[in-house]
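A short worksheet on the structure shown next.
The values are calculated or read from the model by the stated rules, or taken from the named source; none is laboratory data. None of the values given here were measured: they were computed from a predicted structure. No Cβ is skipped: glycine too gets one built from the backbone with ideal geometry, and neighbour counts run over all protein chains shown.
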Amino acid sequence: MTTPAQWLNQGWALHQQKKLDQAEALYRQALAAEPSNANAYCYLGILFYDRQQFQDSIAAYQEAIKIKPQFPVAWNNLGNSLRQAGQPEAAEIAFQQALTQKPDYVNAHKNRGTLHIWEGRIDLGQECYRQALQYGPADAELIRNTGIIQLLQGNYAEGWPNYAKRWDVGDLNRPSFPAPIWQGEDPKGKTFFLYPEQGLGDTVQFIRVAKWLKDRGARTIVQCQPALVPLLKSCNGIDQLVTQPQVPLSKVDYQASFIDAAAHLLPSFEAIPKQGPYLSVPQNLIDLWGKHLSQFPDRPRIALAWQGNRQYSADAFRSVPFSALQPLGQVRGVHWISLQMGATAAQLSDWKGNDPVMVIEGDMDKQHGAFMDTAAILHHVDLLISVDSSVAHVAGALGVPVWLGLSYVPEWRWRLEGHQTPWYANHLLFRQRQSRDWRSVFESMRDTLSLQFSALRKYREKRQESTSSSF
């Protein structure tokens, strides 16, 4: 006869294989047989967290704690769910409960530190990390997180080595390739195999390391996500672009991820090279979308993107509901264009702006490759207003002006202050004044747009005169 504990073990095995529906069925089967099983509720809480159903996750952990108050794992996990649900005060209480019950609980110290860092209390967060390091000095995730904060602060000398620990956390994998990992040796005359390690936006941002190595005398073989091949083949500095490591191994001297290479090429924040556009789009695609948008020649065209990849662990801190953009709609005389893909575009029905938002119909970016239609459309806009998303990186790589809305504690690449960035010459950064305060970000964009509207209209008219002969 199968016991509740066995059901939980079987469910956890399925859970780790990402078979969440099957895992949930076994967790509930265990609860049906033993309603007071605190472990079953804890497993359910983890499952709901992985589905980003944070309120359900909170409720499951609370049930576990009600049954078993001395349960540091449940208290720690509850803190994580409360943090994601935007309840930082309650999350702090949960982490403190976990640490009261288990003072040497590395994950609770670490998660408490992350809570404070995301809320902008960097010093307090770093102190939590230091406490965690006392109990887990070799914890790879903890060292990686420390590196992220150092990079965020512009401390590349210490940040890069600590951030390199990300490879030991377990959620990244290098391609099966026997060439030695580049450690910063002289690249002249050497052949490099370069590859992505994270999302599409990171690939677009760091693909430029190929040219930086090429300028130092190297030959570069670049692997990228298959969907990005049409866009990235326009990038200078790539001798060979592949989607799998199929090149003869004898021809390769070193391998490195794009960010690995950046760590050796950029010893300091100040070392980031000033660079203009480094990607382009085929003229026929530009012309195709130019004809599509030519019906709106007399108004500034501003593209909008408000949601990044929902699977990203910190997406709740960087993406916004479409309603947050409402202050922009108070500016008159704009042709707004939505570049938001997927179901979130349905939010457009709530727009209350003075001018409508155009939705691009059809299978955008599916026929020609990832971001190809988006890039062609961006060629015809005067400005992109976006959160920290892949689209913003594509626009930056194309040289399109971008107003980027950033959370109070943004991704490390944007640092903690400043309105400009060496990563993209045409980016203007608008930062939250306090955690989750998106209203001030878009109100500031509205006010800036109102002040610059005449200049934007003249820019549109000038561009229209120079391109009208193409259509």
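Details
Yes or no, residue by residue, for (1) surrounded by 17 or more Cβ atoms within 10 Å (Cβ to Cβ); (2) of a type in the set (Ser, Thr, Tyr); (3) at pLDDT below 95:
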residue	(1), (2), (3)
Gly136	yes, no, no
Arg144	yes, no, no
Arg174	no, no, yes
Ala179	yes, no, yes
Glu185	no, no, no
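- Breaking point among (1) over 18 Å from Val381 (Cβ atoms); (2) in the same structural domain as His427 (by TED's automatic domain parsing), for Leu304: (1)
Conditions (1) crowded, with 18+ Cβ neighbours inside 10 Å; (2) at pLDDT 95 or above; (3) more than 19 Å from Leu231 (Cα to Cα), marked per residue:
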residue	(1), (2), (3)
Phe317	yes, no, yes
Gly362	no, no, yes
Thr374	yes, yes, no
Ile377	yes, yes, no
Val391	yes, yes, no
Gly396	yes, yes, no
Gly399	yes, yes, no
Leu406	yes, yes, yes
Pro422	no, yes, yes
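- The residues of region 246-290 that are under 30 Å from Arg460 (Cα atoms), loosely packed, with under 12 Cβ neighbours inside 10 Å and of a type in the set (D, E, K, R) amount to a single one, Lys274.
- Subset of region 221-256 (residues that are out of contact with any helix residue (DSSP H, G or I) (no Cβ under 8 Å at 6 or more places or on another chain) and among the polar types (S, T, N, Q)): Gln223, Ser234, Gln240, Gln244, Gln246, Ser250, Gln255
- Looking across region 321-330, not a single residue is surrounded by 18 or more Cβ atoms within 10 Å (Cβ to Cβ) and in a loop (DSSP other than H, G, I, E, B).
- Condition check for Leu213: surrounded by 14 or more Cβ atoms within 10 Å (Cβ to Cβ) and farther than 20 Å from Tyr254 by Cα: no
- Those residues of region 190-211 which are among the charged types (D, E, K, R) and under 17 Å from Gly396 (Cβ atoms), in sequence order: Asp202, Arg208, Lys211
- Test: residue in region 158-167 that is in contact (Cβ under 8 Å) with a residue 12 or more places away in the chain, crowded, with 18+ Cβ neighbours inside 10 Å and in contact with an Asp or Glu (Cβ under 6 Å, 6 or more places away or on another chain): no
- Qualifying residue in region 53-60 (condition: touching a Cys at 6+ places or on another chain (Cβ under 9 Å) and under 28 Å from Pro88 (Cα atoms)): yes
- Among the residues of region 26-39, just one is in a helix (DSSP H, G or I), in contact with a Pro (Cβ under 7 Å, 6 or more places away or on another chain) and either surrounded by 21 or more Cβ atoms within 10 Å (Cβ to Cβ) or hydroxyl-bearing (Ser, Thr, Tyr) (or both), namely Ala30.
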